[in-house]
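Computed from the coordinates by the stated procedures, all read-outs in this text should not be read as laboratory data. None of the values given here were measured: they were computed from a predicted structure. Glycine gets a Cβ as well: all are built from the backbone with ideal geometry, and neighbour counts include every protein chain shown.
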Amino acid sequence: MVFSSPLFLFLFLPVFLSGYYLTPENRRSLWIVVGSWIFYGWWRFDFLLLLAGSSLGAAYLGKRIVQARSPVRSRLWMTVGVVIALSFLGYFKYYNFGVDSLSAVLVEMGLEPLRHGRVILPIGISFYTFQIISYLVDVYRGVTPPGRNTIDVAAYVSLFPQLVAGPIVRYSEIAHQFDHREHSWERFARGAERFMLGLARKVLIADAVAPLADAVFAVNDPGFLGAWTGILAYTVQIYFDFAAYSDMAIGLGAMMGFTFPENFRMPYHSRSITEFWRRWHMTLSAWLRDYLYVPLGGNRRGYRRTLINLMVVMLLGGLWHGAAWTFVVWGAWHGLWLIIERVRPARKDRPTLGQVRTFLLVVAGWVLFRSETFSRALGMFRDLTGVPILAGAESLTIPTVVQWQFSNGALAALLTGLILIVVEPRLDRMIRPGEKGYVLRPAMLSLVFVISVLRLMAASYSPFLYFQF
């Protein structure tokens, strides 16, 4: 079940919210658990058992950490919990990748490849695993007390708005909200507006440009114009798709009285890769900093160790996004530029030049992120840099197999998405609630919501991109 589906919009959400507000306040955590498990189990019931077991296990281990009679035992319980969580993540997400990589090595050595069954990746396991780890570590560190009861912890882990694609919420950020949440018509309306805005970004922009990106990345030689159209389409798609999910999750949380952390802050306006990671998937960046970079030593163990830590964090961050070597190299690409910017800080007197440079570096990274193989990525880089033109190839002609996806609607959505990215700072000031220039009233958003639903009804199933990570 996804947010951008009629089943969710017109059945699950109305039933859930009605039951939520009819339930006494001291029983709403239980209703959240029931609703979230139905939401998740709609896809596959067997993986619901994994989610439920992980939630209950986190609640149990959190109590054992604080009840331990010595710091050594407390640390032991925390370590056991983290190892178990990472073991589940490692098996489901990286088993196929590990066996396939080993098989490739055996084939190169002239041996028979390994034969094995394929492991299915449970949706959202990367996100709720990180939330469980942060919960256990924060309880151990004394940052937050353990949940009042098992139901609260289970509700935190399985809270359906941000369950499958973030933002990554720490228990310390919402622990007090399980004790008491503010519910008001104004808060509910703001949440509904944020949800409708997210749905529009998903359906009218991200889904509309997706065929362009899919068509270009499906061929070996899309040509110069085709390659640039495809990678710009993917640049727009992944931002509007992921930011839309975050908008919808934050909006749903507000409709339930929760305040979730923001996950994006106009990342394509960054003046450096360092700044980009402070604006893109902000909750993941903060998680990697606090639970990986800092424990590795951060910048406290010398200049060289700091650079090594930056690269290690980005390599693991790339691998977290996907079980493929292309994701590892994508992480290395960003890690390399983080190191370069640490060694030679970017000049601050040319903001526009810095934004253009950073945008192009990010776009180059998206080639690796989107390509299924290195050969496909190299082909895209060749066409993007215009090498075929220099060699005399007719790369200004878009291949026929790609042209059929270049509809007026898709190209209009691409142009609209690029314009929205450029004017995003000004638009953000215009639509920010509470500001004097607030013009996107509920009536306008309601109209956009209706158009989005009509577009949704006419389109095919389109899950959010980050479901696969």
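A straight line joining the Cα centroids of the range 110-176 and the range 41-99 runs 8 Å. For Phe260, what charge total do you get from the other residues with a beta carbon under 11 Å from its beta carbon, if Lys and Arg give +1 and Asp and Glu give -1? Here the charged neighbours net out to -1. Ordering of 356-365, 134-143, 301-310 by packing is 134-143, 356-365, 301-310, highest average first (other Cβ atoms within 10 Å, averaged per residue). Among rounded, prolate and oblate, which fits the range 290-340 when a ≥ b ≥ c are the square roots of the eigenvalues of its C-alpha gyration tensor, a/c under 1.5 means rounded, and a/b larger than b/c means prolate? Judged from the Cα gyration tensor, the range 290-340 comes out oblate (a/c at least 1.5, b/c at or above a/b). Each principal axis of the Cα cloud of the range 6-180 was taken in turn, and the coordinate range along them, longest first, works out to 66, 52, 22 Å. Between the listed residues Gly409, Ser101, Leu204, the Cα displaced farthest toward the positive end of the dipole of the chain, a dipole computed from Cβ unit charges relative to the Cα centre, is found at Ser101. Protection proxy ranking for 197-209, 261-273, 147-159, using the average of other Cβ atoms within 10 Å per residue and placing the highest first: 197-209, 147-159, 261-273. Summing +1 for each Lys or Arg and -1 for each Asp or Glu among the other residues whose beta-carbon sits under 12 angstrom from that of Ala244 gives 0.
The chain gives an Rg/Rh value of 0.97, both radii derived from C-alpha positions and Rh following Kirkwood. Summing charges over all other residues whose Cβ lies under 12 Å from the Cβ of Leu296, with Lys and Arg as +1 and Asp and Glu as -1, gives +3.
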